[in-house]
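Below: one structure, written as structure tokens.
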Amino acid sequence: MPSVAVKLYSVFFKFMLKHRLQNRIQIDETNNGSQQHFGVTSRPNEESIVASNPIFTDGVATKDLHVDPGTSVSIRVFLPETCLGSHESDLKSKFRVRVPGSDSNQGLLRRNSYGNQTHVNKNGFNHRRSSLGSVAADDIGLITENGVYRGYSPVVGKNCRKLPVMLQFHGGGFVSGSNDSTANDLFCRRIAKLCDVIVIAVGYRLAPEDRYPAAFEDGLKVLHWLAKQVNLAECSKSVGSRRGGGTDLKKSDTYGHIADAFGASLVEPWLAAHGDPSRCVLLGVSCGGNIADYVARKAVEAGKLLDPVKVVAQVLMYPFFIGSVPTHSEIKLANSYFYDKALCTLAWKLFLPEGEFDLDHPAANPLTPGRGPPLKRMPPTLTVIAEHDWMKDRAIAYSEELRKVNVDAPVLEYKDAVHEFATLDMLLKTPQAQACAEDIAIWVKKYISLRGHEFSY
């Protein structure tokens, strides 16, 4: 059984969540759905937010991007330090930084791996490639300002270790949560390091300000944005090669203007240098699992239209599924911890379009006929469930349907666990949460490894 601390926190959590949902219903009724919103993607007054950090803190650098000018949809990119490769990573850790208050006119001496001394300028970095092969700071993209390390800016073509890309969709019942919350930031950092992937945490629009299908469309929008980024990066490379190939300068500038007209200047450098979209994984937490499954279905329907992006697998962590005919777990565990059935039903009322509330809606029930392409075309799907989660039976049923058509769809059930046991703020540092992340990494690596399926249960 869950600990006493978890039980007490669950009571407080449900009380606060019920109060917030009721307030949103009142606000929504006052607005009467007549207002069109740019979109709300977070509610900072309800949860702690952590700022992005371009420095490889704890092995992962992050940055925030606004990907859609028409809405508030944003992403947070998590780049693991392994993108540098072992040599560049070791080199970065050896760089000395000028201490504030020291004599800025005196250079520093750094002993390189060959035993001799290399002169380092006043900013603390060697900006020359020596004859012995030492690598300059510029060559691995280290940004410095007044001797202080300011983050990572890749030099495309020099140190471009390619990593798979994972789109992550946070939980919160479609009405709360954010991609930059402290809990989601910690979870994504953990996944980025364990899976050795670039994680893109999606900040989709929340209900009731933006009801279905807003959140689902935002997830798909980010997948298309990723495909566009790859194409723009290729366009930039083409222009760069023309400029560097001794062609006429005026002609090169013309190509540059054409490229910029298509948005080449909007290329995200981390993805351009290190992203491998042909190995794309979707990971959804709670209601984010519903979004991930929708995006996976649309990716299957799009097929080669999404090239070079290819969704090779998805992970559904305790998906937010429900239906009009209750399952055994929905009856037995209706009053379970943190997210009980009554609160979740209230969240669905806030999310589904007014006048269209139906627990068998395609967004809610994965077994509703006609939801999308045949299940046999779905990517491999790992489902994570918790013993004390009332939603688990429907997630198991969906996984069984996938296995019937030969889709790799294992289920991992964690004993004595509750809904969001691996992603909720107070539970993130538990051994069970760490073990879950490690299990996910083992399974995901089956489909993102360039060397084949060397990882298996």
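Considering every residue within segment 202-219, establish whether at least one is open to solvent by less than 30 Å² (accessible area, probe 1.4 Å), part of a strand (DSSP E or B), closer than 25 Å to residue 60 by Cβ and modelled with pLDDT of 85 or more. Yes, segment 202-219 has at least one match.
For segment 352-372, the criterion of being assigned to a helix (DSSP H, G or I) and either within 27 Å of residue 313 (Cα to Cα) or hydrophobic (A, V, I, L, M, F, W, C) (or both) is met by none of the residues. Of all residue pairs spaced 6 or more apart or on separate chains, those with beta-carbon atoms under 8 Å, a first member in segment 315-338 that is of a type in the set (Lys, Arg) and a second member that is in a loop (DSSP other than H, G, I, E, B) are 332/390.
Listed conditions (1) at pLDDT 95 or above; (2) crowded, with 19+ Cβ neighbours inside 10 Å are all met by residue 432, apart from (2). Scanning segment 268-302 for residues that are more than 19 Å from residue 67 (Cα to Cα) and among the aromatic types (Phe, Trp, Tyr) yields a total of 1. Selection of first residues in segment 354-383 that are among the β-branched types (Val, Ile, Thr) and of second residues that are part of a loop (DSSP other than H, G, I, E, B) and surrounded by fewer than 15 Cβ atoms within 10 Å (Cβ to Cβ), restricted to Cβ pairs under 6 Å at least 6 apart or on distinct chains, gives the following pairs, ordered by first then second residue: 368/360. The number of residues in segment 327-344 being assigned to a helix (DSSP H, G or I) and either loosely packed, with under 15 Cβ neighbours inside 10 Å or in contact with a His (Cβ under 7 Å, 6 or more places away or on another chain) (or both) comes to 4. When every residue of segment 347-357 is checked against the conditions, at least one turns out to be open to solvent by less than 20 Å² (accessible area, probe 1.4 Å), among the hydrophobic types (A, V, I, L, M, F, W, C) and more than 20 Å from residue 326 (Cβ to Cβ). Would you mind finding the one in 178, 134 that is in a loop (DSSP other than H, G, I, E, B) and modelled with pLDDT of 65 or more? The conditions single out 178. For segment 285-308, the set of residues classified as surrounded by fewer than 24 Cβ atoms within 10 Å (Cβ to Cβ) and either among the polar types (S, T, N, Q) or over 13 Å from residue 372 (Cα atoms) (or both) consists of 303, 304, 305, 306, 307, 308, listed by residue number. Of all residues in segment 271-296, those being outside any helix (DSSP H, G or I) and out of contact with any strand residue (DSSP E or B) (no Cβ under 6 Å at 6 or more places or on another chain) number 2. In the condition set (1) more than 28 Å from residue 40 (Cβ to Cβ); (2) modelled with pLDDT under 95, residue 313 is compliant with all but (2).
Can you find a residue in segment 311-326 that is open to solvent by less than 10 Å² (accessible area, probe 1.4 Å), over 28 Å from residue 437 (Cβ atoms), of a type outside the set (Ser, Thr, Tyr) and not in a helix (DSSP H, G or I)? Scanning segment 311-326, I find at least one residue that is open to solvent by less than 10 Å² (accessible area, probe 1.4 Å), over 28 Å from residue 437 (Cβ atoms), of a type outside the set (Ser, Thr, Tyr) and not in a helix (DSSP H, G or I), so the answer is yes. Contact map, segment 394-409: residues that are crowded, with 20+ Cβ neighbours inside 10 Å paired with residues that are at pLDDT 95 or above and among the basic types (Lys, Arg), Cβ distance under 6 Å, separation 6+ or inter-chain. Pairs shown: 409/403.
The values are calculated or read from the model by the stated rules, or taken from the named source; none is laboratory data. Source: prediction; values computed, not measured. Quick reminder, even Gly has a Cβ in these numbers, built from the backbone with ideal geometry, and neighbours come from all protein chains shown. Side chains included, ligands, DNA and RNA excluded: accessible areas come from the protein's heavy atoms. Shrake-Rupley method; radii C 1.70, N 1.55, O 1.52, S 1.80 Å.
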